[in-house]
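> Right, I'll just put the structure down here and ask away after.
The values are calculated or read from the model by the stated rules, or taken from the named source; none is laboratory data. For clarity, every value in this text was computed on a predicted model and none was experimentally measured. We place every Cβ from the backbone using ideal geometry, glycine too, and count neighbours over all the protein chains shown.
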Amino acid sequence: MYSKQIINGFSKYNKQAKLELIASRFDNPDLIIDELKSYWHDDAALQKLFDEFSENTITNFFFPMGVVPNVNINGRHHVVPMVIEESSVVAAASNSAKFWADKGGFHAQVLSTTKIGQVHFIWHGAKDKLRAMFPQLKRELLLGTQHLTESMEQRGGGISNIELIDKTADLENYFQLKVSFETVDAMGANFINSVLEESASILENHFTENEHYHGHEKECRVIMSILSNYTPECLVKTEVECDIACLRNADIDDPEDFAWKFEKAIQIAHIDVHRAVTHNKGIYNGIDAVALATGNDFRAIEAGGHAFAARSGRYRSLTEVDISNGKFHYSLTVPLSLGTVGGLTALHPMANFSLRLLHNPTAPQLMMIAASVGLANNFGAIKSLVTKGIQVGHMKMHLMNILNSIEVSEREKKVASAHFANHKVSFTAVRKFIIGLRKEEKIEKF
């Protein structure tokens, strides 16, 4: 049932009214309301908390939360939570983490933690005048935002630099205030945006309140103030290394050949954008799942990472491989703006649990954990691609979803799982097997 009528004031409806309006779009509204309510939390206070995380909420949307054991990072073992709907991602991360655990594990380091915000403005006056007054303006900006930065400064963060950026070659009269921040263990989006908006007011008032610029008040027009999710100075690197001979396992019977094919796969991801996007998506399978589990903004993380992959002007792999001197060395360098305090990290009970499971890491420690899981997922994907192929493992993990989609009994699930442990999985093959199984049962009954 579709309606062309505009819905006014929906956000002001109480929850029951929202449910009834949504349900009215179906032929069986009472059943729809019951279905939506079945996903509400039994604890009313907790459900109220979930409702207040977002806008126009009507129910909860569940995702599975799994864990990856044996993640050895810098000699410390972690059990890492992952929130993702694809079982093969968790399996790949687990297999890779265990593969590298007895080979020294992941070696990770945070290269930098600077985040960027910008005040975008148009300057109609002379460039020389703007540059000449900038040192005074910078002092005013630092002093005028001190009431916002004081608490962050006490924790070791705050504004680390303010620059005047001339972008007039790209857009007429366009300039930026580029503000660099350290936000310690917070992701810091709200802090950064508050400082930037205050900075924009200071910038405009500098001309309207200073007699020196009387008559030139309209030379500066602020367009907007906002943090950037591109964080090339908030970088983490993680890597694995072992003798090529040590790569041998059940899937790798010729380590030299495996290393050669692995290297070629990465080289292809550096020169072909179609492969590079899928390659990097495999990295974010892991990073996003950790970000979700810990209450971080995976959308911002991905946007910044893909921009970083294209920083040369060509979109490339985020990973590098070196197989020289009998060694296999694989590394990932990626921007990661993560937080362990503030936002959902404390409010969402499962995000809070995830951080406790990780022994309450600092933001830099969480950066190393997320990046290492990303590298683990990517290594697992490339390993499968150059050996047995990606679909063998992926479809075996997908088997249960197929069985659930065709509504089989628990006994049929058990029989099918045993059969497909040694047979190729596809939707058609599973459906045919279940049909055959049911035919056999009917014959046996007669």
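> Cβ contacts < 7 Å: first residue in the same structural domain as Gly104 (by TED's automatic domain parsing), restricted to segment 363-377; second residue in a helix (DSSP H, G or I) and among the aromatic types (Phe, Trp, Tyr), any location; separation 6+ or different chain. Result?
Gly374/Tyr284
> Checking Arg316 against (1) outside any helix (DSSP H, G or I); (2) touching a Pro at 6+ places or on another chain (Cβ under 6 Å), only one condition comes out false. Which one?
Answer for Arg316: the failing condition is (2).
> If a residue has to be over 16 Å from Phe134 (Cα atoms) and in a helix (DSSP H, G or I) to count, how many in segment 152-208 make the cut?
Summing the residues that are over 16 Å from Phe134 (Cα atoms) and in a helix (DSSP H, G or I) in segment 152-208 gives 13.
> Please give the number of the condition Gln47 fails out of (1) exposed (fewer than 15 other Cβ atoms within 10 Å of the Cβ); (2) farther than 20 Å from Met368 by Cβ; (3) of a type outside the set (Val, Ile, Thr); (4) touching a Phe, Trp or Tyr at 6+ places or on another chain (Cβ under 8 Å).
Against the list (1) exposed (fewer than 15 other Cβ atoms within 10 Å of the Cβ); (2) farther than 20 Å from Met368 by Cβ; (3) of a type outside the set (Val, Ile, Thr); (4) touching a Phe, Trp or Tyr at 6+ places or on another chain (Cβ under 8 Å), Gln47 comes up short only on (1).
> Can you name the residue in segment 340-371 that is in contact with a helix residue (DSSP H, G or I) (Cβ under 9 Å, 6 or more places away or on another chain) and crowded, with 23+ Cβ neighbours inside 10 Å and, of all such residues, is farthest from Ala289 (Cα to Cα)?
Thr340
> Restricting to segment 60-97, what's the tally of residues that are free of Cβ contacts under 8 Å to residues at least 40 places away in the same chain and either touching an Asp or Glu at 6+ places or on another chain (Cβ under 7 Å) or within 30 Å of Gln16 (Cα to Cα) (or both)? Show your work before the answer.
First, pick out the residues of segment 60-97 that are free of Cβ contacts under 8 Å to residues at least 40 places away in the same chain: 60-62, 64, 66, 69-70, 72, 75-77, 85, 94.
Next, from what is left, pick out any that are either touching an Asp or Glu at 6+ places or on another chain (Cβ under 7 Å) or within 30 Å of Gln16 (Cα to Cα) (or both): 60-62, 64, 85.
Residues flagged as free of Cβ contacts under 8 Å to residues at least 40 places away in the same chain and either touching an Asp or Glu at 6+ places or on another chain (Cβ under 7 Å) or within 30 Å of Gln16 (Cα to Cα) (or both) within segment 60-97 amount to 5.
> Any idea how many residues of segment 258-282 are over 14 Å from Asp322 (Cα atoms), assigned to a helix (DSSP H, G or I) and not hydrophobic (A, V, I, L, M, F, W, C)?
Summing the residues that are over 14 Å from Asp322 (Cα atoms), assigned to a helix (DSSP H, G or I) and not hydrophobic (A, V, I, L, M, F, W, C) in segment 258-282 gives 7.
> Only one of these is assigned to a helix (DSSP H, G or I), free of Cβ contacts under 8 Å to residues at least 40 places away in the same chain and either surrounded by 14 or more Cβ atoms within 10 Å (Cβ to Cβ) or more than 33 Å from the chain's Cα centre (by Cα) (or both): Ile6, Ile22. Name it.
Details: Ile6 fails: assigned to a helix (DSSP H, G or I).
After ruling out the rest, the residue left standing is Ile22.
> Could you list, in sequence order, the residues of segment 25-40 that are assigned to a loop (DSSP other than H, G, I, E, B) and in contact with a helix residue (DSSP H, G or I) (Cβ under 8 Å, 6 or more places away or on another chain)?
Result: Phe26, Trp40.
> Looking at segment 111-142 only, could you name the residues that are surrounded by fewer than 18 Cβ atoms within 10 Å (Cβ to Cβ) and among the β-branched types (Val, Ile, Thr)?
Residues satisfying the conditions are Thr114, Ile122.
> Among the numbered conditions (1) in contact with a Ser or Thr (Cβ under 7 Å, 6 or more places away or on another chain); (2) closer than 19 Å to Gly295 by Cα, tell me where Tyr39 comes up short.
The single condition Tyr39 does not satisfy is (2).
> Now for a separate question. Check off (1) surrounded by fewer than 15 Cβ atoms within 10 Å (Cβ to Cβ); (2) polar (S, T, N, Q); (3) in contact (Cβ under 8 Å) with a residue 40 or more places away in the chain for Thr145 and give me the number that stays unchecked.
(1)
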